[in-house]
Structures are given as C-alpha cells and as structure tokens.
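Student: Below is one structure. I have some questions about it.
The values are calculated or read from the model by the stated rules, or taken from the named source; none is laboratory data. None of these values were measured; they are calculated from a predicted model. When we count neighbours, we look across all protein chains shown, and the Cβ atoms used for this are built from the backbone with ideal geometry, even at glycine. What goes into the accessible areas is simple: the full protein's heavy atoms, side chains included, and nothing from ligands, DNA or RNA. Shrake-Rupley method; radii C 1.70, N 1.55, O 1.52, S 1.80 Å.
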Amino acid sequence: MLEIFKNGSKLLGMNARNLDYIRPYNRKRAKRLADDKILSKRMLRKAGIPVPKLLAKIKTVDELENFDWFSLPNTFALKPNRGFGGGGIMVVYGKKKTFKCVSPDGTEIVPDPVWIKSDGSKVTVSDLKSHIRNILDGAFSLANIPDVAFFEERLTLLKLFKPYAYKGIPDIRVIVFNRIPVMAMLRLPTKESGGKANLQQGGIGVGIDLATGVTTTAVLGKGKIIDYVPGTRMLLSGIRIPYWKDILLLAVKAQEISGMGYLGADVAIDRERGPVFLEINARPGLAIQVANLSGLRERLERIKGLKIKTAARGVRVGRDLFGGEIEEELEEISGRKVIGTIEKIKLMGIKGRTVELEAKIDTGAGFTSIDIDLAQQLGFEDTVAEYQKIETTYKDIRHLSKKERWDIYKHIPHLESMVVVNSASGSTYRPTIKITVIMDDVVIPTKVTLINRAHLKYPIIIGKRNLKKFLIDVNK
Amino acid sequence: MQNISPVIKYFIEQGVPLDTVILLLMLPIVVTLIAFFRQVIGIKAFGIYTPAIVTFAFLAVPQLRYGVLIFIVVILVGMIMRYALKGLRILYLPRVAITLSIIAFSILVLLGAGGAMHRTGLAAVSIFPILIMITIVEKFVAAQIETGNRAALVLAIETLVISLFGYYLASWPLLIGGIVAFPWLILITIPINIFLGKWDGLRLNEYIRFREVLKNLK
C-alpha cells in the first residue's frame, strides 16, 4: 500500500501539472498565444517551421454570410481558433458531385457544394454555417468567449499509418520541458473519435521510445490498455516512426518560439511534406503516462534547472535520458546493425522473383544455405532439375581433381560453383547459386548453397560470410 | 440551544434571523468541502458555485428527497432536450432558453402530479430552490457541448453527490451547535484551503486512472 503512494510521486497528476509546471513556467502571454491557433501558426511559420496551410478564416457573422463556399477545396478541416481538447473540429474528406441546373427561363443555377464527413454523412453549406455560428458564439472556446472559425488544409495520410488510423491523420504528441523532449506518444484516430486524434475524444495513444522512435504500449481513450487496433489484428507496438529526430527537433524549436517552459507539441507527418507542426498545447493531458506506462513527474524533476543551449542538444539529452533502448546507439558506434537470431528477410532471385520470409541466423555456418524448394521459387527451377539428374555423392567423386569434378556439373544453368560443406551430419558437396539477400535494409549480393531443408523449420540459414555488417543479439 | 456565542447573539439582536447566520457561516465549510473533493479526491462537478448552491437548495426544501427528485428531473429533461433540439440547429442561447422553458413546464407538471398523489411536501417546495435547480441546466448544456453527453452526465452525478455530502454536513446538528457556540472556528477553513491550494500530490481518482502505470513502476 505504501509502495503505491511512493510510486504515485513519480506520476504527474492534475494538481502538480497545474501548480508546479503550468503556473510557474507558462506565462500568461505565452499561454494566450498557444490558445490562439491562427496566431501561433503564423509565429511558427515565420520561424521556419512547416505548418498546415490556412485556407480562410471567418471572424464575424457578416463574413460568414458573404463567404464564397466555392473557394473551399474538396477536403479541409474546420476549426475553432480557441478550441481545446479537439472539440468543435469538423473534417471533410471529399466533395459530393453536384450538377448545374437550368431553369425553364434559361438561367443556370449552380447548387451549393456538399462535402462528406468521415462517417459518410453529408455536410451542406447550411451545416457549415450553423457550425461556424456556434464557433463564433464561443460554444467550443474556453469560458465561452466569442471565437473565430478557420479552414485549414487537411494533410495527406502517410502509407505507414494507413492500417492503424481510422479516417483522420495520426499525430505525434511530444511533451517538451526546458528544451528537452520528455515523453512522446503517437495518437491515432478511431471510429469513436470521429477521425480526431485526441484521446479525450476516444482516440488511441501509443507510447514511443524516445531514443528510437519505436512504439511501445497503447492506451484507448483515457485509460484502457490495448495491444491491437480495436476490431483488427494490427499490433500497435513496434511501429517505427519515420523522421523521428526531426519530429523531436521541431517540438523543441516550437517550445523556444512559444516562450512556454512546459508544453505539448503536436506534429503530424504528411505524405509529401514530411513532418508538419500542428499545434502547441499549453495544458497537455496526462494520459501520455498511461500510453508509456511511466511517470512524467519523475522525468521532469530530473531535468529541472538543466542549462540546455540548443534544440539539437536538448533532443540528444532527452533521447539519452528517457530512451528505453541503447540499441541505436550501439549501431551508431559500431556502424553495424543489431539483429536477432531470427530475422525477416527478402530474397531476390532471377526472372524478377522475390520471396519474403524468416531466416535463421547461424554463426556456426560459413555459407548461407537455402532449401531446394525455395531455390525453385526464386526462379532456379532449371538449375534444380539438372542438378537432381546427376546421381553422385561426394564419396564417389572425392578422389577426382577439382577440375574433373567441375566438368560433371558445369552444364547446369545458373550454377555458380560447387563447394564442400562440412557440417555436423558429415561433408556434402553442394551447388551454389547467386542471389541477393536484403536484411534490415542492408543489401547483400551473395553466393548461397543449395540443400534439401524440407525437414527443417527454416528454409534458409544465414551464415557467417553474410553477417559481417551485423551484431547479433540473442535476446531480440 | 444553550451555548450561543456573543457574536451570534449580537446579530440576532440586530434582527438577522438565526437561520441566515448559520447558512452564511456554513458557506465556507461547504465550499471547502467542494475544494477538498476536487483537489484530493478528484471529483470535479460543475465548478464550485453549482454544487454549493445546490447544497443550499437542498437545505431549503422541506424534504431532501423532493430536492433530489427535482434535480434528477432537471438533468433528465436537459438530456432529452438536447436530442429534441438537435435537428433544429439553433444557436446556443435560444437553445438554452427553450430547454429552460420546457424544464419549467416539467417541474410545474411534477408539482401538480405530486399534489394529485397527495404528496403535499412536493407542492410545498418554495420557488427559490426550484429556480436554483432549473438554472443549473445551463452548466449542464455547456458541458454537453464541450465534453459530450456522457461526461456531462458524470459531472451532474458528481454535483449531486457533492451536494448531498454538503447537505448532510451542513445539517449536522453537532456542527451547527459548534458553529453557533464558536463561530471563529470557521476561520480554520482558510489554512485548510491554503493547504489544498498547494497540494500537488495525485488525486485519489488518479491512483485509479494510472493503476496500470503504477503497476509498472518500480
């Protein structure tokens, strides 16, 4: 019981967040800037940080009545300028086809455009008008103060995120304190959240290891731990976020510009533009701790008062202090990749054939060996067929000279050489062929031996000759 | 009551009713209770004003259950009206105005029905607590728009719970007796609130919210 209360002091609660971090580190002026999305967007853009394009803004009912609805693109996001927690955001994904009508007296009537929301429902101009009127009235702003509505470019979804995100664009929330990224999570929109990535609205938060940018554990809504995207078999851990370092750098730079000491930075990844900064948040939520299964307060206490001169330095400190694994560092130091004993690889044979499969890493073997069946799949049917016609064993021909032996086999198509392989089950004389192995993004053109591995679990073992660029971690 | 502090006696001599004095002195205690619920336990409710005023509305009805009944009816009608008015697409203030009107009618029907069923206690509820309860619907509608129906309902239930605690605390004879005898005791609420205002530990409900994280920390 006492243990629980002791551990409780490592977590950041609502009280401590407001009293110890937001109050002393976020000045009122800076907070007002963060709450004003249009203004903060302009500030960020001026400082060279990529932000989504502002399409139009509507400040008064007059502007609303005179707004040219045809100027809007097929897809956009409509947001309240001072909204919070993702409230009041409307996103449309496409325009419905509308047709010109010609009335009997010959005048053409162009109907107002109609858009479509994530759930397939229609959004008419009068829907937009009523929503914007609510925004102007302050229905979504803190303390209900009158607000401004704006239209923003909708980013395009990165292919990597497609199977994980329901309709909307996932984004990455980074908590930055004292120029150091402290904790991060990937936020995925779900059906319940209506295409918005906010956890308050029912999105998924996935913790991210700060050092590597690889996702760890996931939380649905405000507190339910999950492994898969609900209703699918898409595993949420192990996703490697691209542009990881750039994302952290953007977050820290935004903190410098905002003038706030403690903030949540939201960064999305656009398919064409790469990392795009979405918004700064003066009161970032606490659910990020559940997504990462670790406490914020403990981390914040550790870096209080550190003097960090540049954003790049802050990013490095954050990754070193709060990153879980040292794997990448090891890779950076040795210049070699760390792999496990079983690795996913891709093989490229001839005739444009490729096969993806799992391979066993075998430091006891010299050559890489592949199963005969696999060789056939890689386009070496003729090689295998010709080879199997020759019925000799190594015993029969070991007395012959190397050249004499080669003469027996040299007519076989695509044959590279014949080699003697000494293994636990005795010496064998094996044919070799040339293929390309791609492992952990490293391309290795190589000679591999053919052998019947039908009775073994893995149709391919990777031998020492091809492991020079790797370090093997048996725990992986 | 035997022990009446001279200060209280002075007020009574000036024509201030004893009930009013007690209620005014109870206010610091009730609001401190609400602050405690928010900062230490983590029960939010609709801010501090709403649970406090509902507490006093409960104190003003002849029987608590009628107060609770009116509260529940107000929230229920507020919820129904949200769906009923959804299709109309009208602005915030007119929408709240219609909701308030319908609630006023509903309460009238409720009082009439109570009278018809010979529940005279219900019909005898004075207008002051009824009006208070009706006005909380604005808070409720605002919460519905900002955080959704479910969250608004949770806030309403939390308000009810805190108000009930407040009610029992403020009608506790021992406490009333204590205040009448030693009105200065009320000043203790100020250091208590300073402490609450500096309390940066986890709230009780956060221990539940972060239970998975707590399990993982070593």
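Student: Has region B:86-105 got any residue that is under 30 Å from A:GLN201 (Cα atoms) and polar (S, T, N, Q)?
Tutor: yes
Student: Examine region A:20-34 for a residue that is farther than 21 Å from A:SER258 by Cβ, open to solvent by less than 10 Å² (accessible area, probe 1.4 Å), within 14 Å of another protein chain (Cβ to nearest Cβ) and in contact (Cβ under 8 Å) with a residue 24 or more places away in the chain, and state whether such a residue exists.
Tutor: no
Student: Could you run through region A:117-130 and say how many residues are open to solvent by less than 30 Å² (accessible area, probe 1.4 Å) and at pLDDT 75 or above?
Tutor: 5
Student: Among the residues of region A:138-173, which ones are open to solvent by 30 Å² or more (accessible area, probe 1.4 Å), in a helix (DSSP H, G or I) and modelled with pLDDT of 85 or more?
Tutor: Of everything in region A:138-173, those that are open to solvent by 30 Å² or more (accessible area, probe 1.4 Å), in a helix (DSSP H, G or I) and modelled with pLDDT of 85 or more turn out to be A:LYS159, A:LEU160.
Student: Could you list, in sequence order, the residues of region A:387-430 that are of a type in the set (D, E, K, R) and open to solvent by 50 Å² or more (accessible area, probe 1.4 Å)?
Tutor: A:LYS389, A:GLU391, A:LYS395, A:ASP396, A:ARG398, A:LYS402, A:LYS403, A:GLU404, A:ASP407, A:LYS410, A:GLU416
Student: Can I ask one more? Quick test of your reading of the structure: A:LYS309 fulfils all but one of (1) surrounded by fewer than 21 Cβ atoms within 10 Å (Cβ to Cβ); (2) among the charged types (D, E, K, R); (3) touching a residue at least 24 places away in the same chain (Cβ under 8 Å). Name the failing condition by number.
Tutor: (3)
Student: Residues being touching a Lys or Arg at 6+ places or on another chain (Cβ under 9 Å) and either open to solvent by less than 20 Å² (accessible area, probe 1.4 Å) or charged (D, E, K, R) (or both): count how many of those fall in region A:91-116.
Tutor: So the answer is 5.
Student: Hey, can you tell me all the residues within region B:115-139 that are crowded, with 19+ Cβ neighbours inside 10 Å and within 14 Å of another protein chain (Cβ to nearest Cβ)?
Tutor: B:LYS139
Student: Test A:ALA184 against the criterion of being outside the structural domain of A:VAL61 (by TED's automatic domain parsing) and outside any strand (DSSP E or B), and give yes or no.
Tutor: No.
Student: Please verify whether A:ARG179 is more than 26 Å from A:LYS79 (Cβ to Cβ), open to solvent by 20 Å² or more (accessible area, probe 1.4 Å) and touching a helix residue (DSSP H, G or I) at 6+ places or on another chain (Cβ under 9 Å), treating the condition exactly as stated.
Tutor: Answer is yes for this residue.
A quick yes/no check of all residues on (1) open to solvent by 20 Å² or more (accessible area, probe 1.4 Å); (2) under 16 Å from the mean Cα position of the chain (by Cα):
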position	(1), (2)
A:LEU199	no, no
A:VAL206	no, yes
A:THR215	no, yes
A:THR232	yes, no
A:GLY238	yes, yes
A:PRO242	yes, yes
A:VAL252	no, no
A:GLN255	no, no
A:TYR262	no, no
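Student: Go through (1) within 14 Å of chain B (Cβ to nearest Cβ); (2) within 19 Å of A:LEU157 (Cβ to Cβ); (3) touching a helix residue (DSSP H, G or I) at 6+ places or on another chain (Cβ under 7 Å); (4) among the charged types (D, E, K, R) and name the single condition A:GLU279 misses.
Tutor: The one condition A:GLU279 does not meet is (1).
Student: Shifting gears a bit: For region A:277-313, what are the residues that are under 22 Å from B:ASP200 (Cβ atoms) and assigned to a strand (DSSP E or B)?
Tutor: Matches in region A:277-313: A:ASN281 only.
Student: Tell me, which helices (runs of 4 or more DSSP H) wholly within region B:147-218 include 1 or more residues that are within 14 Å of chain A (Cβ to nearest Cβ)?
Tutor: Output list reads B:149-170, B:189-198, B:204-209, B:211-216.
Student: If a residue must be modelled with pLDDT of 85 or more and within 43 Å of the chain's Cα centre (by Cα), how many such residues does region A:418-441 contain?
Tutor: 9
Student: Just to be sure I understand, how many residues within region B:75-114 are within 14 Å of chain A (Cβ to nearest Cβ), without any contact (Cβ under 8 Å) to a residue 24 or more places away in the chain and open to solvent by 40 Å² or more (accessible area, probe 1.4 Å)?
Tutor: Of the residues in that region, 9 qualify.
Student: Specify the residue that is nearest to the other protein chains (Cβ to nearest Cβ); the eligible residues are those in region B:61-71 that are open to solvent by 40 Å² or more (accessible area, probe 1.4 Å) and in contact with a helix residue (DSSP H, G or I) (Cβ under 8 Å, 6 or more places away or on another chain).
Tutor: The qualifying residue nearest to the other protein chains (Cβ to nearest Cβ) is B:LEU69.
Student: Right, another one. Looking at the structure I just gave you, is A:ILE38 touching a strand residue (DSSP E or B) at 6+ places or on another chain (Cβ under 9 Å), in a helix (DSSP H, G or I), surrounded by fewer than 19 Cβ atoms within 10 Å (Cβ to Cβ) and not basic (Lys, Arg)?
Tutor: yes
Student: Quick check on region A:9-18: of everything there that is facing chain B (nearest Cβ under 7 Å) and under 13 Å from A:ARG299 (Cα atoms), which residue is modelled with the highest pLDDT?
Tutor: So the residue we want is A:LEU11.
Student: OK, next. With the checklist (1) within 28 Å of A:VAL315 (Cβ to Cβ); (2) open to solvent by less than 50 Å² (accessible area, probe 1.4 Å) in hand, flag the one item A:ILE135 doesn't pass.
Tutor: Checking A:ILE135 against (1) within 28 Å of A:VAL315 (Cβ to Cβ); (2) open to solvent by less than 50 Å² (accessible area, probe 1.4 Å), the one that fails is (1).
Student: If A:LEU12 satisfies all but one of (1) of a type outside the set (Gly, Ala, Ser); (2) surrounded by 13 or more Cβ atoms within 10 Å (Cβ to Cβ); (3) part of a loop (DSSP other than H, G, I, E, B); (4) not assigned by TED's automatic domain parsing to the domain that holds A:ALA282, what's the number of the condition it fails?
Tutor: Answer for A:LEU12: the failing condition is (4).
Student: So for region A:98-117 (the condition being out of contact with any Gly (no Cβ under 8 Å at 6 or more places or on another chain) and within 14 Å of another protein chain (Cβ to nearest Cβ)), does at least one residue qualify?
Tutor: Within region A:98-117, not a single residue is out of contact with any Gly (no Cβ under 8 Å at 6 or more places or on another chain) and within 14 Å of another protein chain (Cβ to nearest Cβ).
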